[in-house]
1. Starting from the Cα of residue 45, move 7 Å in the Cα-to-Cβ direction to define the label point; list residues of region 189-222 whose amide nitrogen is under 18 Å from there.
2. Helix 3-18 against the longest principal axis of the chain: what's the angle in degrees, Cα atoms only, rounded to the nearest 10?
3. Provide the gained length on full extension for the span residue 379 to residue 401, in nm with one decimal, where the gain is 0.36 nm per separating residue minus the Cα-Cα distance.
4. Label-point separation (nm) for residue 337 and residue 192, each offset 7 Å from Cα along Cα-to-Cβ?
5. What is the distance in Å between the Cα centroid of region 289-327 and that of region 379-418?
6. Relative to the present Cα-Cα distance, how much length would full extension add between residue 344 and residue 316 at 0.36 nm per residue of separation?
7. Which FRET efficiency value, to the nearest 0.05, is calculated for residue 409 and residue 486 with the Förster distance at 35 angstrom and r the Cβ-Cβ distance?
8. For the chain, what does -39500 (n - 2.57) per DSSP helix run (n ≥ 4), summed and divided by total residues, give at 222 nm, in deg cm²/dmol to the nearest 500?
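Here, each number is a calculation from the coordinates, and none is a lab measurement. Being a predicted model, the structure only gives us computed values, none of them experimental. Cβ: placed from backbone, ideal geometry, glycine included. Neighbour counts: every protein chain shown.
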């Protein structure tokens, strides 16, 4: 046993000797012990549920560990429990969409969904020689309720990472009860004693390829494989890629989506006081900050119905972090070359993608669009991309049939960045299991994307026409707006909006005869449908000479 391990066991020994028996067993260790209110039952098996990990990896008011400089809780459990990862199974949109797909394709399709939304429940059964689970089996399953949890991600081995065989929720799981982490020389004693895992230094947990096991997803219909979600492949074909060696522009998924917290200890004593373990300088928050603030709000607003264990304040904090990332780290927008000539205002909007993948990316429903106003004082002379209270874009009749636009001349010329897929009949579809080819994919490319780069079939834009201004990392849109008079007093305002769940995708659930669909539609209808503002910019037009 190392000196570090010995130091870490001293407080635990004192705890066992000095505190009351009630305090010593406050966190139950098996099914025969009392449940902790609001937490999931632990399971002694290959996987353990998150409240077993919370015994040491949650924040305590009597410990300094896992706090940032402001004193905020940055513990793995405290942050993760309020994320979409922690609520991957409870996500009502996921359950509604899966029931819709089940009615179309049968229960067999659920395996693909559950491998990533309930990975511990799936791998538990498969590793024990059982059949993969079905949705109906999982509502009382403790492993399923834990979503994408601690002992899932931290037991993925390095074998096959970055290869197609591990995509679509098929990582190679370890069988030696090793918990892989990024830090060298971890203290092993407490974890081995309490949950019978051995902390093990493993650099592969810091690679994008680890995330790729679920964030690269293909479906198949009528013999055709369709790249439903490909952020990892997009990242590979970008200047953010570090797999051939790190560069000045390289960034992994974790570096963007798991922000640094500042130096801290990453665990505390089960009694709630600090362990004598090393302070880690590069400790990263298990916040998994993405763009799905809408769903985080929905989880908070329907917390009791959905069985969400995270506190409302924690969910609100995570939604705020999502909005902050969308608004500060996602795109940069500018208005250029504005002038009035012969009664026509011309200008360009330039949108630069700051992310290491397409924007939007991931789940096919996600879209961003451009709203532009031309004003003279309080008078709106021209507007495109405005929306109503239901989150629908004005002047757009069919939201799944909008072409890519490089030039805007009238209000109905709305610039929408999205992926629209076709079914076997060539019609736009929201059925994931019917998608056979891309009808449109003009999502903003990452910087450094190349036509001779990797994964061209999965990442190439579709439906651009002859737009030469849509290039890696940015798009330029040309506006030609008729106006009366000269450019005096004219101001241009542009917004880039984002929706993770557009109305057209919800409309496709409204007539589905399934409880999960009805429940989600009811929650959606009661929620605010205002899109997220990713960027806003304004500029006055130079007066005509």
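1. Under 18 Å, as judged by backbone N against the label point of residue 45, lie 195-197 of region 189-222.
2. With both axes taken from Cα atoms, the answer is about 70 degrees.
3. The residue 379-residue 401 span can extend by a further 4.8 nm.
4. About 6.7 nm separates the two model spin labels.
5. Comparing the Cα centres of region 289-327 and region 379-418, I get a distance of 28 Å.
6. In short, 5.6 nm is gained.
7. Details: r = 20 Å, r/R0 = 0.57.
Step by step, r from the Cβ atoms, then E = 0.95.
8. Working: 19 runs with 149 residues, N = 545.
Helices in the chain give a 222 nm mean residue ellipticity of -7500 deg cm²/dmol.
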